[in-house]
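Asks: Okay, handing you the structure first.
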Amino acid sequence: MLVLGIGNSLLGDDGVGVHVVERLRAHPAHAAVRFVDGGTLSFTLLALLQDADAMLVADAAELGAPPGAVHLYENEAMDRFLAGPRRRSVHEVGLCELLDMARLGDCLPPRRALLCVQPADIGWSESLSPAVAGALAEACATADALLRRWRAA
């Protein structure tokens, strides 16, 4: 299993995916999970997908919800969310292209999910906004439950 945190930790809430990865990495129950700070994406991440049978991506995304809202999109729901009519994440284009390359290379993980947190502020800051910092526990609990479910399957 691969958990990929996306975001720029110098842009406030944009770095929430990286924060989720760091918190989950410290959990002993996930010793067999590979945690990666994917930063702002790169096609070099494609090599990681080739070895994964399950992938969870954590990122800030425009959900049209109050700041700090957490939502999980699994499998085809993730694909539909990313293919939506409006740009929902500053990394969406890169993530869509990375997943398209994985499809073309026949290495798209069969189990995949996108964990999104609605940002409040993506301006220059090394800190999360209070709303997003307050949502970290829920985001990590949601990710933890998914990883446990995948491990049990």
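Asks: With a cut-off of 8 Å between alpha carbons and a minimum separation of six or more residues, what is the relative contact order of the range 5-137 in percent?
Replies: Result for the range 5-137 is 39 percent.
Asks: I'd like the carbon and sulfur percentage of the solvent accessible area for the range 1-67, probe radius 1.4 Å, heavy atoms only, ligands and nucleic acids excluded.
Replies: It is 54 percent, rounded to a whole number.
Asks: Please list, ordered by chain and number, the residues whose modelled amide H lies under 5 Å from the amide H of Val57; skip anything fewer than 5 residues away on the same chain.
Replies: Amide H to amide H, under 5 Å and 5 or more residues apart or across chains, Val57 pairs with Leu4, Ala113, Leu114, Leu115.
Asks: Follow-up question, since we're still on this one. Per residue of the range 96-101, what does 6.51 cos²θ - 1.76 cosθ + 1.60 with θ = phi - 60° give for ³J(HN,Hα)? Whole Hz please, x for Gly and Pro, Karplus curve as stated.
Replies: 4, 5, 4, 5, 5, 5
Asks: Could you point to the label whose value was computed as Cα extents along the principal axes in Å for the structure here, given [x] 39, 37, 25; [y] 41, 35, 28; [z] 45, 32, 29?
Replies: Matching the structure shown: [x].
Asks: Sticking with this structure for a sec: Can you compute the FRET efficiency between Ala32 and Leu10 using 1/(1 + (r/R0)^6), with r the Cβ-Cβ distance and R0 = 25 Å? Round to the nearest 0.05.
Replies: The pair Ala32/Leu10 has a calculated efficiency of 0.20.
Asks: If you build a Gaussian network model of the chain, linking Cα atoms that sit under 10 Å apart, which residue out of Ala52, Ala143, Ala32 swings the most?
Replies: The residue that fluctuates most here is Ala32.
Asks: Moving on. Contour minus end-to-end for Ala133 and Met101, with contour as 0.36 nm per residue of separation and end-to-end as the Cα-Cα distance?
Replies: Here the answer is 8.2 nm.
Asks: Spelling out what I want: for every residue of the range 52-58, take phi, set θ = phi - 60°, compute 6.51 cos²θ - 1.76 cosθ + 1.60 (Karplus), and round to whole Hz; glycine and proline get x.
Replies: Those phi angles translate into 9, 9, 8, 9, 10, 10, 10 Hz.
Asks: Kindly write out, for the range 144-153 in residue order, the coupling ³J(HN,Hα) from the Karplus curve 6.51 cos²θ - 1.76 cosθ + 1.60 (θ = phi - 60°), rounded to whole Hz, with x marking Gly and Pro.
Replies: Running phi through 6.51 cos²θ - 1.76 cosθ + 1.60 with θ = phi - 60° gives 4, 4, 5, 4, 5, 5, 5, 5, 6, 6 Hz.
Asks: If you don't mind, there's one more thing I want to ask. Could I have the simple spin-label model distance between Ala77 and Ala141, label points 7 Å from Cα toward Cβ, reported in nm to one decimal?
Replies: For the pair Ala77/Ala141, the computed spacing is 1.8 nm.
Asks: Would you mind pulling out the separation of the Cα centroids of the range 1-41 and the range 126-150, in Å?
Replies: Taking the Cα centre of each part, the range 1-41 and the range 126-150 sit 10 Å apart.
Asks: Work out the FRET efficiency for Ala152 and Ser125 from their Cβ-Cβ distance, taking R0 = 25 Å, and round it to the nearest 0.05.
Replies: 0.05
Asks: For every other residue with a beta carbon closer than 10 angstrom to the beta carbon of Asp14, add +1 if it is Lys or Arg and -1 if Asp or Glu, then tell me the sum.
Replies: -3
Asks: Right, next: Could you give the accessible area per residue of the range 19-153, probe 1.4 Å, as a whole number in Å²?
Replies: So the range 19-153 comes to 51 Å² accessible per residue, rounded to a whole number.
Asks: Still on this model: Give me the dipole magnitude in Debye, nearest 20, for the chain about the Cα centre, with unit charges on the beta carbon: positive for Lys and Arg, negative for Asp and Glu.
Replies: 380
The values are calculated or read from the model by the stated rules, or taken from the named source; none is laboratory data. In this text, all values refer to a predicted model and were calculated from it rather than measured experimentally. Cβ sites come from the backbone with ideal geometry, for glycine too, and all protein chains shown count toward neighbours. The protein model used for the area step is the full one, side chains on, heavy atoms only, and it has no ligands, DNA or RNA in it. Shrake-Rupley method; radii C 1.70, N 1.55, O 1.52, S 1.80 Å.
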